[in-house]
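The values are calculated or read from the model by the stated rules, or taken from the named source; none is laboratory data. Model, not experiment: these values are computed from the prediction. Note that each Cβ is placed from the backbone with ideal geometry, even for glycine, and that neighbours are counted across all protein chains shown.
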């Protein structure tokens, strides 16, 4: 994941508009379905510049965001200064076995662990299993892992773009979306996507991973703007 790690750690602003709109959509779905509750302690793996934190800051008991990007974490610290229940920390790449060691070493537990738009940048399924295994260690007894925006097949990429396009028309950010699509086409991101491909994870692979580490995955209704992608609510058996 070194190339992707380098890309995201430099905090490109390219995906800002789509990430922000997706976080709003995602939070709205989870809050309405009561997946996230007012007394929950939430860990957001891959928090970026704090878009999900903005949606949850007055909706949860505690929020902790982690990201590979020092610039993103600094932005979050400044944005949420003076709010002790909202905290942030920079970590190594999320597929690193030591990435969540701080929480394990300090016996911290979370009611909800969010992994939104992250695992598609992993190099293989073993890395996904390793991350979920570490998440299990810091999950509260009745907690849940929300693994979301999982790509099952590259065949859905056009459908994803169309679903975001429709949302951009409805929510009045159409021209911002067009600028994003143009920039993305000629960006380092597109070069890396062609070179490495995004990790496709079919449902049977998620089922096998969770079975290996004694977790139980359940498909959730659409939670992200990219409608071909899937989300899981994962709990301990």
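Of all the listed residues (60, 114), the sole one being within 30 Å of residue 3 (Cβ to Cβ), out of contact with any helix residue (DSSP H, G or I) (no Cβ under 6 Å at 6 or more places or on another chain), surrounded by 18 or more Cβ atoms within 10 Å (Cβ to Cβ) and modelled with pLDDT of 95 or more is 114.
Residue 119 passes every criterion in (1) within 18 Å of residue 199 (Cα to Cα); (2) more than 16 Å from the chain's Cα centre (by Cα); (3) crowded, with 21+ Cβ neighbours inside 10 Å apart from (2). In the range 78-91, the qualifying residues are those that are surrounded by 15 or more Cβ atoms within 10 Å (Cβ to Cβ) and under 19 Å from the mean Cα position of the chain (by Cα), and the one that is modelled with the lowest pLDDT is 91. Scanning the range 63-72 for residues that are within 16 Å of the chain's Cα centre (by Cα) and either surrounded by fewer than 17 Cβ atoms within 10 Å (Cβ to Cβ) or at pLDDT below 95 (or both) returns 67, 68, 69, 72.
Is it the case that residue 150 is surrounded by 15 or more Cβ atoms within 10 Å (Cβ to Cβ), modelled with pLDDT of 95 or more and on the phi < 0 side of the Ramachandran plot? Criteria met by residue 150. Among the conditions (1) under 30 Å from residue 175 (Cα atoms); (2) within 15 Å of the chain's Cα centre (by Cα); (3) without any contact (Cβ under 8 Å) to a residue 60 or more places away in the chain, residue 57 misses just one, which is (2). Would you pick out the residues in the range 188-237 that are under 22 Å from residue 136 (Cβ atoms) and either exposed (fewer than 13 other Cβ atoms within 10 Å of the Cβ) or free of Cβ contacts under 8 Å to residues at least 40 places away in the same chain (or both)? Listed by number, the residues that qualify are 204, 207, 208, 211, 212, 214, 216, 218, 219, 237.
Taken over the range 190-237, residues that are assigned to a loop (DSSP other than H, G, I, E, B) and in contact with a helix residue (DSSP H, G or I) (Cβ under 6 Å, 6 or more places away or on another chain) amount to 9.
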